[in-house]
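Notes follow once the structure below has been shown.
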Amino acid sequence: MSLLQKTIRADVQATNAYVVAPSAGMLKLDAMENPQGMPAALLDKLAQQLKTAELNRYPAPKALELEAALRACTAIPKAAHVLFGNGSDELIDLIIRACCMPGDAVLSPVPTFVMYAVYSQWSHARFVGVDLNPDFTLNMPAMLKAISTNQPKVVFLAYPNNPTGVALREAEIVQIIEATPGLVVVDEAYEAFADASFMARVLEFPNVLVLRTFSKLGLAGARLGYAVASPAWVEQIDKVRPPYNVNVLTRIAVQFALEHFDAFEAQAKLLREQRDVLTESLKNLKTPNGDVEVFDSYANFVLFRIPNALEVFDALKNKGILVKYVGKAHPLLQNCLRVTVSTEQENQQFLVAVQQSIDEVA
Ligand code: PMP
């Protein structure tokens, strides 16, 4: 056994790094990014503002101006506090680290966003996945039983869920909150595309935190997420936050975006409309045995099931189109592909290519 093998944690050695598929030159429909980019006139203005960044200084300890801009655009309850993170990914990690000692349970319906389980593992927490029903709705009796058996410190509810696009019912969220002995995180990464949010009720219960991100709205490259909860929860989770975790360039860029938020909201509206068109078009795909299952989505992606999904994924890749094959991630996702909603023209390009790919591999 080499020095490195004796030194690096065995579970780290046994794990693969988070894989981001190479995408240079491809139509990238695998990561729920906003394809539209910032309008050119706004980009020019932002460039002016970025010149004011004091890159020789650490960021101010509290991003107060950013928070004020956020509160002006988003209905965050006044008495709630906000914690910013380097993407909501970082906040997921911080929440688990602040709550869990080794062996403590973190619970979530599955399939769901993979980082809940990954960060649990790095904290030596015990991730408990509770299978959704085959139509990806919540199996409430199983959830309540698992909560009662495992007494989780943290429950993650992606609302809407990734990769299914399905949104829980609000009454189910409340039932889970009331049954959970720890913190319930309502992860609203896709809120801009959903008709629902739990934000207004975040202070109604003693154990809720709402998580949001700017990634899906058109600022994935800026890496900014935020948590909203009562001051006491934020104060504790803030203790495990690395200093200066949100850099000065990100603060300026996102504050600028918030000051021009109508442009981003308009883009999100367009994607919602395109999602509905794409969903209907996917239902019309012709497969060898006629089977196409398309799941209605409340997010900026659509999950669908077709025969030979892995082969279709490869054929699409050969045509320069990257989607996400999720068929191996969970038994309920067998033969499923997830595609990000894009512009009308790119969606059309994808639809033609996916039908060709299905025909090729049949
Ligand atoms: N939550 C959910 C449900 C997600 O799907 C994602 C990204 N795919 C994230 C959180 C993380 O987003 P980010 O770190 O870019 O804010």
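Computed over segment 53-260, relative contact order equals 29 percent, with contacts defined as Cα pairs under 8 Å that lie 6+ residues apart.
Add +1 for every Lys or Arg and -1 for every Asp or Glu among the other residues with Cβ under 11 Å from the Cβ of residue 326, and state the total. My count for the surroundings of residue 326 gives +3. Counting neighbouring beta carbons within 10 Å and listing from fewest to most, the residues 166, 186 come out as 166, 186. Electrostatic tally near residue 90: other residues with Cβ closer than 14 Å to its Cβ, Lys and Arg +1, Asp and Glu -1, net 0. Of all lysines in the structure, those lying under 19 Å Cα to Cα from residue 28, and not within fewer than 8 positions of it along the same chain, are 216, 317, 319, 324.
Residue exposure proxy: 8, 76, ordered by other Cβ atoms within 10 angstrom of their Cβ from fewest to most, comes out as 8, 76. Between rounded, prolate and oblate, where does segment 179-291 land on the alpha carbon gyration tensor, with a ≥ b ≥ c its root eigenvalues, rounded for a/c under 1.5, else prolate if a/b exceeds b/c? Oblate shape, in that a/c is at least 1.5 and b/c is the bigger or equal ratio. Full extension of the segment from residue 171 to residue 57, taken as 0.36 nm per residue of separation minus the current Cα-Cα distance, would add 36.4 nm.
Mind checking the dipole of the chain: about its Cα centre, +1 per Lys or Arg Cβ, -1 per Asp or Glu Cβ, Debye to the nearest 20?
Using only the charged Cβ atoms, the result is roughly 960 debye.
Ordering 137, 260, 85 by the projection of their Cα atoms onto the charge dipole of segment 53-260, which places +1 on the Cβ of Lys and Arg and -1 on the Cβ of Asp and Glu, puts 85 at the extreme positive end. Of all DSSP bridge pairs formed entirely within the chain, close to 50 percent run antiparallel. Each of residue 12 and residue 114 was given a label point 7 Å from its Cα along the Cα-to-Cβ line. The distance between the two points is 1.9 nm.
Net charge within 14 Å of residue 71 by Cβ-Cβ distance, Lys/Arg positive one each and Asp/Glu negative one each, not counting residue 71 itself?
Result for the neighbourhood of residue 71: 0.
For the modelled label position 7 Å from the Cα of residue 318 along Cα-to-Cβ, which residues of segment 1-42 have backbone nitrogen atoms closer than 11 Å? Under cut-off, by backbone N: nothing.
Every read-out reported here was derived from the displayed coordinates using simple, explicitly stated rules and does not represent laboratory data. Just so it is clear, the model here is predicted, and its values are computed rather than measured. Positions of Cβ are generated from backbone atoms using ideal geometry, with glycine treated the same way; all protein chains shown enter the neighbour counts.
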